[in-house]
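The values are calculated or read from the model by the stated rules, or taken from the named source; none is laboratory data. From a predicted model like this one, the values you see are computed outputs, not experimental measurements. Don't worry about glycine lacking a Cβ; one is built from the backbone with ideal geometry, like all the others, and counts go over all protein chains shown. Areas reflect the complete protein model, heavy atoms only, side chains present, ligands, DNA and RNA absent. Shrake-Rupley method; radii C 1.70, N 1.55, O 1.52, S 1.80 Å.
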Amino acid sequence: MPSGNRFTRAVVAPTIAAVSSRAILRRLRRSLPWIGLLVLVLPTPPRVFAQPYVADERLRTNRLAMLTEQLGNQADAPFAQALDALVASDVAGTLGVWEQAIATADDARRPELLRRFATVRDRLTRRERVARVARLTTSPAQLARVQQALEEQGGPLNLTLWHADGDHVVVALSPAAYERLVAAGIAGDVLFNSVTEWQRAQRSGAATAAQIMPHYQSDAAAHDHRARILVFDLADSAADAAQHLLADHENVVARNDRYLAYLDIVPRRQRHSYLRQRYRRHGLRIVAMLPVDRFDTTGRRFFPELA
């Protein structure tokens, strides 16, 4: 749990700056009577997020942590109770609890976990891993502050900034992450229900789709990102960890019983941080990252059928 001091600094610091400005103004007025002719616009601290939602974020993460602990209980009754609660849960982070529980379960409990997980897997994958494209009424700077504050309290949002235009930004993020931002006080509208839907609209020439081209696909950013085919070892990854990749089927290049090849746009800088945040933290093991033009030859090591 993050310390209260960091949280206090993040929220209170702009207010302190505004109060200090007012104090300076009072001193100037006492020493310079004509200062009243000037109009001084003091900065209004942006509402970083709704205060009650901080408690909600903590409550959500604490409940998920309790479920994780109960699922590891050796007694049958607490385990069964926690499993029923997990099946009914759809809050952000639920999918991660499932994946951890399945990965750490013993042979006696894993079949039951897998059976129950199969009933909610598709729904949770859509909520937490399949990105929507949304326009948010906020600036990039304010979005960064909100994202930092929410992630400190309730875990990663996993959003990607596509486009910024004044007081609006376009982002790709899951429905669960979108709900967290809206509850934190950022208004928004969903433009496309999936990246695949946006791609179809772009190919058909829709103006809205063309106007929100992700920065990493623009010519100006071409040198900052590279198209790469990531190869995942499914046998050495967490159970069902690749389901959200399969949902975005247009980027799946190849698959067999052991490996999955997936097309992604990988940043040149902070590459390891990007891969860890997007894949490794979800239990996916990357065994190769190949240039697209070499996949037909180099990829045969993992997919002999390419020969």
Taking the condition of being within 15 Å of the chain's Cα centre (by Cα) and in a helix (DSSP H, G or I), how many residues in region 146-185 meet it? 17
Only residues in region 153-177 that are under 21 Å from Arg129 (Cβ atoms) count as the first member; pair them with residues that are assigned to a strand (DSSP E or B) and among the hydroxyl-bearing types (Ser, Thr, Tyr), Cβ under 6 angstrom, at least 6 apart or cross-chain, and list the lot. Ala172/Thr160
Output for region 280-293, where each listed residue is open to solvent by 50 Å² or more (accessible area, probe 1.4 Å) and under 13 Å from Leu263 (Cα atoms): Met289, Val292, Asp293
Specify the residue that is nearest to the chain's Cα centre (by Cα); the eligible residues are those in region 63-90 that are open to solvent by less than 60 Å² (accessible area, probe 1.4 Å) and closer than 20 Å to Gly283 by Cα. Leu64
Please indicate, with yes or no, whether at least one residue in region 34-56 is modelled with pLDDT of 90 or more, assigned to a helix (DSSP H, G or I), open to solvent by less than 60 Å² (accessible area, probe 1.4 Å) and of a type in the set (A, V, I, L, M, F, W, C). no
Residue by residue through region 175-190, note down the ones that are closer than 15 Å to Thr94 by Cα and of a type outside the set (Lys, Arg). Pro175, Ala176, Ala177, Glu179
Considering residues that are under 14 Å from Gln277 (Cβ atoms) and open to solvent by 50 Å² or more (accessible area, probe 1.4 Å), the number found within region 162-197 is 0
Residue check, Ala149 against (1) within 24 Å of Arg58 (Cα to Cα); (2) surrounded by fewer than 19 Cβ atoms within 10 Å (Cβ to Cβ), all met but one. Which one? (2)
